[in-house]
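S.K.: Quick one: structure below, then a few questions.
The values are calculated or read from the model by the stated rules, or taken from the named source; none is laboratory data. Keep in mind it's a predicted model, so treat the numbers as computed, not measured. All Cβ positions, glycine included, derive from the backbone under ideal geometry; neighbour counts span all protein chains shown. Accessible surface areas use protein heavy atoms only, side chains included; no ligands, DNA or RNA. Shrake-Rupley method; radii C 1.70, N 1.55, O 1.52, S 1.80 Å.
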Amino acid sequence: MDVATVVGVMLGFMVVIGAIVAGGGAAMFLHIPSLAITMGGMLCATLIHFSLPQFLGIFSVIKKTIVAEIPSPSQLIQKMVNCAAINRRDGALALEQEIHNVDDLFFVKGLQMLVDGQDSEEIRELLSMEVQHLQDRHSTGKKILEFMGAAAPAFGMIGTLIGLVQMLRSLDSPESIGAGMAVALLTTFYGALSANLIFIPLAGKLGIYSKAETTAMEMITEGVCAIARGDNPTIVREKMQAFVSQSRRQEIKANV
Amino acid sequence: MDVATVVGVMLGFMVVIGAIVAGGGAAMFLHIPSLAITMGGMLCATLIHFSLPQFLGIFSVIKKTIVAEIPSPSQLIQKMVNCAAINRRDGALALEQEIHNVDDLFFVKGLQMLVDGQDSEEIRELLSMEVQHLQDRHSTGKKILEFMGAAAPAFGMIGTLIGLVQMLRSLDSPESIGAGMAVALLTTFYGALSANLIFIPLAGKLGIYSKAETTAMEMITEGVCAIARGDNPTIVREKMQAFVSQSRRQEIKANV
Amino acid sequence: MDVATVVGVMLGFMVVIGAIVAGGGAAMFLHIPSLAITMGGMLCATLIHFSLPQFLGIFSVIKKTIVAEIPSPSQLIQKMVNCAAINRRDGALALEQEIHNVDDLFFVKGLQMLVDGQDSEEIRELLSMEVQHLQDRHSTGKKILEFMGAAAPAFGMIGTLIGLVQMLRSLDSPESIGAGMAVALLTTFYGALSANLIFIPLAGKLGIYSKAETTAMEMITEGVCAIARGDNPTIVREKMQAFVSQSRRQEIKANV
Amino acid sequence: MDVATVVGVMLGFMVVIGAIVAGGGAAMFLHIPSLAITMGGMLCATLIHFSLPQFLGIFSVIKKTIVAEIPSPSQLIQKMVNCAAINRRDGALALEQEIHNVDDLFFVKGLQMLVDGQDSEEIRELLSMEVQHLQDRHSTGKKILEFMGAAAPAFGMIGTLIGLVQMLRSLDSPESIGAGMAVALLTTFYGALSANLIFIPLAGKLGIYSKAETTAMEMITEGVCAIARGDNPTIVREKMQAFVSQSRRQEIKANV
Amino acid sequence: MDVATVVGVMLGFMVVIGAIVAGGGAAMFLHIPSLAITMGGMLCATLIHFSLPQFLGIFSVIKKTIVAEIPSPSQLIQKMVNCAAINRRDGALALEQEIHNVDDLFFVKGLQMLVDGQDSEEIRELLSMEVQHLQDRHSTGKKILEFMGAAAPAFGMIGTLIGLVQMLRSLDSPESIGAGMAVALLTTFYGALSANLIFIPLAGKLGIYSKAETTAMEMITEGVCAIARGDNPTIVREKMQAFVSQSRRQEIKANV
């Protein structure tokens, strides 16, 4: 689970609610019609922009930013080096046993192709295509969240314009001006808060995840192809370490 | 028909109209002169920006975002595999019968070239050119909608400036200030609403369609070229499936 | 002449002037000092940004967006096919007669090179260089108009700031507040109107023209090179039609 | 000297000062503390953003946009053609005399390499590297000016926020409101004016110069390399003219 | 230590504080709750956007912009030329002594590979990978600072909206309006100041450093590879000088 996302969202709302409560009159900040027009308008625009399956996939995209697990590079390298050793000692068929010890579906797919005896080029082509598909899906998820982050403030402003026009039409009682204006500003507040605390940062997180996951998959591709070419375990380790920064490499050595 | 576009637009207007009616005085939100300057100015700017045929094509572009049908990948693959089998069994001329069972004009064109005995490279070159043309046309449509989405708020602001200057010149009666200001804000409201609920999301939808349609055409190109090279049906299927994500591929297998 | 540009600008001003007159007091919208600071500041910034010859070329650039003629693709193709037939029948020297029937200077240049007996590669290199130069010149014109479209609202805002400071310094008579504020807003109005109705759409139109003209020149280049290689008229037609969309191609066939 | 830059800046300030004087009370527009916070803040941000040598180079960068001389293409071509003729007639060593007639340091460098007998490829590699360096330096200068153009309005707004907070805290005397607000707006005015009349257009001018200078250097490179390969003067002229537009080429022919 | 960064930040705050103190009532500009919501919200959004290790690395990133030392090109060139001379005279093993005289870890790594007898291509591949990793890390640091520079004003605006709503709800006492509005504006002030004086310029500085450090590493790579190929010291010097501008080259010659 991604603690940073959860803690960030919770702390962020605590900071905002704290500021509201400290100023007094927290109740007036919850105004269902204002919330309805900001979020409703934003969701309708998102529905028009994207296809229905993409729109319905928003929740799984958001869930992904919270629960995603990136396989640790050091574990990936260690497992792949083991596989290389087994392949050298007992041949590719002996890797069939190893498949059950691997959780990552992409890794399993690569090992299965080794067991099936496909050659290095075939494996690279197929696995690269999978990586491409993952990036496409992530990129659509990121675009949806970015569009929501742009649409929410826009509909917040539209709601404020509606509120201002209604307030300006009934200027008879001076007291009502302040109240009307306060309500009118709430939609802008909802739009700005949801965009800047939720949609824009989550879109960014999805980009961070996408890059990490892609790197892990490229490491696996590189490792499986090296095994398919019959490289010895030391060379497999070196080829995979090329994706890891110098300081991480020393951690990996320490761990292993 | 694209339900998402229609439902999104309708729900969006219901949300906005609901907020207006709930606040009372819905009648004051319909102000024909304000609508005329915002939409009129935006259309004039669009007319200046684009050529006359491009401008007149806006409606067919908008219609396209509502009624477009993307051929289903699984059907495409199944039909192409059938064609590959017929080609193998009875030769390319036998495909002439199949052409009548295919709706997609692009698919028909590819099959016709197979029947005419053109080779794989010629077919690929011609079909790729068609894909390029489609992308160009879609991209122009997207640019028009994006420009309208930028021009509408701009002319909304111009209308508000006109209204503000007129209101400020006649500050004698305090009651008229509010009313004048309310009318002045209406153009900004029209511009922001039309841009964020119509033009910007429709431009996005056109991009989504363009990508889906392009992918389908690339799948057909790949399949037809494989048949032209005499590949067997299994290889044709594999080559076309490369464009489909892992999960969709399993659906396809389940269906077929 | 480009009717869309002329009609768009005229209609646009009619819409805006209509809105001004309908609200009453049209005279107050014409304020020469406000116009002077907005347009003057914008022109000075443009003069600083670009070189003197580029600045002085603005008018010919604007004129171009109104009077430019794009040669019709079907006429181009027909003329080139005729030339290909003449070349095949009577040799390249016979094309000298044809040159007098061609208006387009670029086409003339290509035919002259054919008559001079230059080979296909030399012709392509020289003509491509011409296309490159045209694109460069168009791109500078577009940048000037885009900069004017950005500078006009900026100097409108600067004018409004000057007006606001002057108004705020003399708050003694309440009546004067409205009048001062109205005048202050005029510069923002001028800047926004000129940018959104003139400069930005004209920059866009220049881009549309540039693309159409470039495509026509690329078609001519392709046709002349095909003739230089001695291709038969049918192949010349096919190569040039590659630049035209499917529906346009059928029109061409119908016309010819 | 670049007349356009000097005239543009002077005219621009005359337009703005004219508008200020015409409205009365020009003295209130000169407020040293407001100027200090806008320009001071902007300079500090620039100092943080760039390295000290880059920051100290701003003045020479600005000076460059005023005094830079771009060598005329027609003179460059004429001189190079002369050199080609000398090289053909008397050999490369005879070019040593010519070096004293050339002002441009880059041209001198190219000739010197010809005299030293370096071959065409070595000359091209070294001269291209020089062009690359010039572009890098120009691009840094442009980035500094663009950053200043973005930072000035930002610190103008920060100054206005400070002024507004101070004014709002002492609302007792209604007269002071207008005066306080007027002073608060001055920083925004200074920021917007300096950015739009100085920094942004100067950054643009630097880009125009950089392109012109780069083109001249590429023409020299092309010419010197042609001489090194022993091309005859006519071919040297043709190769250099490839960089000049059709209409300029006719001017050049007329002049020569 | 980077004096420009430290001096810029200190001078910047002095300018702003000076403006505040000069206007009187400096105490009201320090409002802890306003600071808490602006900075707290910004930090939470950053925490959501980036992964936990990236977020925790912010301080080392900021520290880097202050203390980073870029090795001087002239020293690098001199040391590399010495190494080339030693390599020529006494063989690669003699370079082991030199390693102790070099501070730069990247330089040490290159020399160590020379001593180990790795060939030119292996050295280039490994060192280039290191450069790539450094650029990736710098680019992440830059993105974090840029995101903070965008999030701070956004949460400043959110804080101002909260303050405005609270103020508008209690319009009974006219005196409180000004005070409430003043406090509401403080969050916008904090957001704008921190973004424009800290985050955005520091992100820029990181980019400047990244480029300088990358260039130094590329010079070292070029030099070490030249030594590995057995180039003589003069050629090593020339190859490294290719990265330095003409004027800097003369300084280097003067120093050496």
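S.K.: Quick one: if the Förster radius is 56 Å, what FRET efficiency do B:SER72 and E:ASP119 give, using the C-beta to C-beta distance and rounding to 0.05?
M.R.: The pair B:SER72/E:ASP119 has a calculated efficiency of 0.50.
S.K.: Take E:ILE58, project a point 7 Å from its Cα along the Cβ direction, then tell me which residues of the range E:201-245 have their backbone nitrogen under 18 Å from it.
M.R.: Answer for the range E:201-245: E:201-207.
S.K.: Tell me, what is the per residue accessible area of chain A in Å², probe radius 1.4 Å?
M.R.: 44
S.K.: When all alpha-carbon pairs of the range D:80-168 are counted, what percent fall beyond 19 Å?
M.R.: 61
S.K.: Also, quick follow-up: With +1 on each Lys and Arg Cβ and -1 on each Asp and Glu Cβ, and nothing else charged, work out how big the dipole of the protein assembly as shown is about its Cα centre, in Debye to the nearest 20.
M.R.: Its charge dipole is roughly 1940 debye.
S.K.: So, with a 1.4 angstrom probe, what is the percent of accessible area on the protein assembly as shown that is carbon and sulfur?
M.R.: Carbon and sulfur atoms account for 62 percent of the accessible area of the protein assembly as shown.
S.K.: What does the copy distance list look like for B:GLN75, label position 7 Å along Cα→Cβ, in nm and ordered from shortest?
M.R.: The projected label point of B:GLN75 is separated from its counterparts by 4.4, 4.4, 7.2, 7.2 nm.
S.K.: So, in nm, how far is label D:ASP136 from label A:ILE99 when the simple model puts each one 7 Å beyond its Cα toward the Cβ?
M.R.: Result: 5.3 nm between the two label points.
S.K.: Out of D:LEU105, D:PRO33, D:LEU47, whose Cα points farthest toward the positive end of the dipole of chain D (charges: +1 Lys, Arg; -1 Asp, Glu; placed on Cβ)?
M.R.: So the residue furthest toward the plus end is D:PRO33.
S.K.: Put simply, what bits of the range E:207-222 lose 50 Å² or more of accessible area when the other protein chains are there, versus the chain on its own (1.4 Å probe)?
M.R.: At a threshold of 50 Å² (probe 1.4 Å), the residues of the range E:207-222 that become less exposed are E:ILE208.
S.K.: Determine, at each q value in 0.08 (inverse angstroms), the log₁₀ of I(q)/I(0) that the Debye formula gives when each Cα of the protein assembly as shown is one equal point scatterer.
M.R.: Summing over Cα pairs of the protein assembly as shown leads to -1.28.
S.K.: Sticking with this structure for a sec: Evaluate the charge dipole of chain E about its Cα centre and quote only its size in Debye, nearest 20, assuming +1 on the Cβ of each Lys and Arg and -1 on the Cβ of each Asp and Glu.
M.R.: 520
S.K.: For A:LEU111, what charge total do you get from the other residues with a beta carbon under 9 Å from its beta carbon, if Lys and Arg give +1 and Asp and Glu give -1?
M.R.: Every neighbour counted, the sum reads -1.
S.K.: Continuing with the same structure: Which aspartates and glutamates does A:LYS79 reach when only Cα atoms under 12 Å apart count, and residues fewer than 8 places away in its own chain are ignored?
M.R.: Partners found: A:GLU98, A:ASP103, A:ASP104.
S.K.: Okay, moving on. Where does the charge balance sit around C:LYS64 when Lys and Arg score +1, Asp and Glu -1, over other residues with C-beta under 12 Å from its C-beta?
M.R.: Residues close to C:LYS64 contribute a combined charge of +1.
S.K.: Once both labels are modelled 7 Å past Cα along the beta-carbon direction, what's the B:VAL7-B:ARG88 spacing in nm?
M.R.: 4.2
S.K.: For the range C:117-146, state which residues have at least 50 Å² less accessible area in the presence of all protein chains than in their chain by itself, taking the probe as 1.4 Å and leaving out ligands, DNA and RNA.
M.R.: When all protein chains are present, C:HIS133 each give up 50 Å² or more of accessible surface.
S.K.: Positive end of the charge dipole of chain A (Lys, Arg +1 and Asp, Glu -1 on Cβ, about the Cα centre): tell me which of A:GLN118, A:SER74, A:ASN232 has its Cα farthest that way.
M.R.: Checking the options against the dipole of chain A, the answer is A:SER74.
S.K.: What pairs in D:LYS205/E:LYS205; B:LYS109/B:LYS211; A:LYS239/E:LYS109; D:LYS211/E:LYS63 have C-alpha atoms more than 29 Å from each other?
M.R.: Listed pairs above 29 Å: D:LYS211/E:LYS63.
S.K.: For the pairing of chain A with chain E, what total accessible surface becomes buried, with a 1.4 angstrom probe, in square angstrom to the nearest 100?
M.R.: Protein heavy atoms only, the A-E interface buries about 3000 Å².
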